[in-house]
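Report on the following structure.
The values are calculated or read from the model by the stated rules, or taken from the named source; none is laboratory data. Predicted model only: the values in this text are computed from it and were never measured. Here the Cβ positions follow ideal geometry from the backbone for every residue, glycine too, while neighbour counts run over all protein chains shown. The protein model used for the area step is the full one, side chains on, heavy atoms only, and it has no ligands, DNA or RNA in it. Shrake-Rupley method; radii C 1.70, N 1.55, O 1.52, S 1.80 Å.
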Amino acid sequence: MDFISILSIFVMACFVGYYVVWSVTPALHTPLMSVTNAISSVIIVGALIAAAAGSAAGGEAAKWLGLVGIALASVNIFGGFAVTERMLAMYKKKERK
Amino acid sequence: MHEAAPIPAWVALAYLASGILFILALRGLSSPESSRAGNRFGMLGMLIAVVTTLVTHEVASLVEILIAIAIGGGIGFITARRIAMTAMPQLVAAFHSLVGMAAVLVAAAAYLNPGAFGITDAAGVLLPVSRVEMGLGVAIGAITFSGSIIAFLKLNGNMSGAPIMLPARHVINLGTLAAIIGLVVYFYFVPAPRVDTPWLFWTVTGLAFLIGFLLIIPIGGADMPVVVSMLNSYSGWAAAAMGFTLGNTAMIITGALVGSSGAILSYIMCKAMNRGFISVIAGGFGAASDGDAAAASIDRPWKRGSAEDAAFLMKQAEKVIIVPGYGMAVAQAQHVLREMADMLKEEGVQVKFAIHPVAGRMPGHMNVLLAEANVPYDEVFELEDINSEFGQADIAFVIGANDVTNPAAKTDKSSPIYGMPILDVANAKTVLFVKRSMGGVGYAGVDNDVFYMDNTMMLLSDAKKMCEEIVKSLG
């Protein structure tokens, strides 16, 4: 993809983000942070590419950096989604007796 | 990818799908009912992104990759299960630092093995555009990492919340930032950076780690909600920068979402504290509360009440609004507070909770703490939704909050909290104010006129003990 197409996607996504986030109820701002944390770990994609390339073509160091990156991002992905799930499960409505 | 073989259409679409699922994950948070489905969308989006990457690359080291995922995932999952809800701000700060570090590692890997990322020209030299993206990615990632570590240490109490002020820090900070930007620009123009200037990339990385530390150490504990939100935003921009390097739609969309989300939360927090974003970044707030304000307050008459009085008054009331603050959570009083609210409801009293945006240690923190204590979320209201109701309330029950109820924010132009939106508890017929002692003042170090009003009764005790005694008297 050329730079301008990427930039267009980025700018559009910033606008989407702006409107979507303003519509998040303030009561859920903490889960919002933990879930954004989890999804920003999509950076794992980059770590996977580095690790997958293996040791060929001078990639030995890159491979290990990638593997550590995978581990760190995984902490975040699993931890972020799990803690969000845990918090959201606590939000209950009034029981109608 | 800028140069290499074109990406098959389905791969591009898969990343787009995962980006859209991430948007839906945030969209779900517009109400508690839809939020859990939203979280599942997020998980699905992540799964699609990871699987797509793995099947479209020749994976030379699948076993190692799976082991890395298992180790990281296991640690993350167990931590998420065990963490106390009061410790959420620390956890989130720690998670931010990991995103930052992962961004640094990915950028470093791309620098060392650019061929694998398809960001080289025919001669195997890094593409200039990619160098800028990579330089920004590594810099933002490193700042996120070291800044979040400091935020974590401050929130976790390993480091004092007091600001650490270096002499000439503004000069040092601006100089370091300018150096980083200058080096990234230089990086763009070097003919073959890995041969001509092998030090450059690593210098940028090192300086960025340094500036992350320097930026956060002068920021006081009271401003941490802003800092955590700000670092949230940075972690997004770091992911977006790496998304540019890889030409990956999922990463770019996510980065933009997270970046805007953190920026909006920082804005909301700043507004709730009436602090300018620049002055938060400049740091120094909450250094040492000067004794003047506190000293002026001595010897004003105030009324003291007992748990029995409080129980009696609340039982007679038609409408009680509870105003919890972080002191309530520190005292672990949320469960017994909910018990108290339940007993009042059984007596036919209408009970509501009023939450100030900065009631906790991060945005929305108090809502989570109350939800954990089984307070139904439809009894919990935000400042702007409930503030007009204090006039009709018989009792405002303030517990563990102080500055957010202080009328000085509206009336006293010289007050450090002037302009901050407050909960108008003073409008209620009676104010019950739970506080450990008359001596201590809030974070901002200012005295609160509510203590001395005719219709205020001070309940001087530990928050949890007071609630327990009230529950006993109600029973």
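Reported count of residues in region B:304-336, each being in a helix (DSSP H, G or I) and small (Gly, Ala, Ser), is 5. For B:Val171, are the conditions met, namely being surrounded by fewer than 20 Cβ atoms within 10 Å (Cβ to Cβ), away from chain A (no Cβ under 14 Å) and β-branched (Val, Ile, Thr)? Answer is yes for this residue.
Tell me, which residue of region A:23-39 that is assigned to a helix (DSSP H, G or I) and without any contact (Cβ under 8 Å) to a residue 12 or more places away in the chain is farthest from B:Tyr15 (Cα to Cα)? Per the criteria, the residue is A:Pro26.
Being at pLDDT 90 or above and among the small types (Gly, Ala, Ser) is true for just one of B:Ala401, B:Ala428. Which residue is that? Walk me through it before giving the result.
Details: B:Ala401 fails: at pLDDT 90 or above.
B:Ala428 is the lone residue from the list that is at pLDDT 90 or above and among the small types (Gly, Ala, Ser).
Listed conditions (1) within 29 Å of B:Phe152 (Cα to Cα); (2) crowded, with 18+ Cβ neighbours inside 10 Å are all met by B:Val59, apart from (1).
Considered as a group, the residues in region B:363-404 that are part of a strand (DSSP E or B) and out of contact with any Pro (no Cβ under 7 Å at 6 or more places or on another chain) include one that is surrounded by the fewest Cβ atoms within 10 Å (Cβ to Cβ), and that residue is B:Phe381. Of the candidates B:Phe77, B:Phe41, the single residue that is within 23 Å of B:Ser233 (Cβ to Cβ) and open to solvent by 10 Å² or more (accessible area, probe 1.4 Å) is B:Phe41. Inside region B:65-124, can you point out the residues that are more than 7 Å from chain A (Cβ to nearest Cβ), part of a helix (DSSP H, G or I) and either of a type in the set (Lys, Arg) or on the phi > 0 side of the Ramachandran plot (or both)? Scanning region B:65-124 gives a single hit, B:Arg82.
Among the conditions (1) open to solvent by less than 10 Å² (accessible area, probe 1.4 Å); (2) within 7 Å of chain A (Cβ to nearest Cβ); (3) in contact (Cβ under 8 Å) with a residue 24 or more places away in the chain; (4) not charged (D, E, K, R), the only one that B:Gly137 does not satisfy is (2).
Give B:Gly276, B:Gly325, B:Gly291 a once-over and let me know the one that is of a type in the set (Gly, Ala, Ser), modelled with pLDDT under 85 and in contact with a helix residue (DSSP H, G or I) (Cβ under 8 Å, 6 or more places away or on another chain). Can you show your working first?
Values: B:Gly325 fails: modelled with pLDDT under 85; B:Gly291 fails: in contact with a helix residue (DSSP H, G or I) (Cβ under 8 Å, 6 or more places away or on another chain).
Unique residue meeting the criteria: B:Gly276.
B:Tyr267 fails exactly one of the following numbered conditions: (1) more than 30 Å from B:Glu468 (Cα to Cα); (2) modelled with pLDDT of 70 or more; (3) outside any helix (DSSP H, G or I). What is the number of that condition? So the condition that B:Tyr267 fails would be (3).
The residue list B:Ile470, B:Ile417 contains one member that is open to solvent by less than 40 Å² (accessible area, probe 1.4 Å), assigned to a loop (DSSP other than H, G, I, E, B) and among the β-branched types (Val, Ile, Thr), which is B:Ile417.
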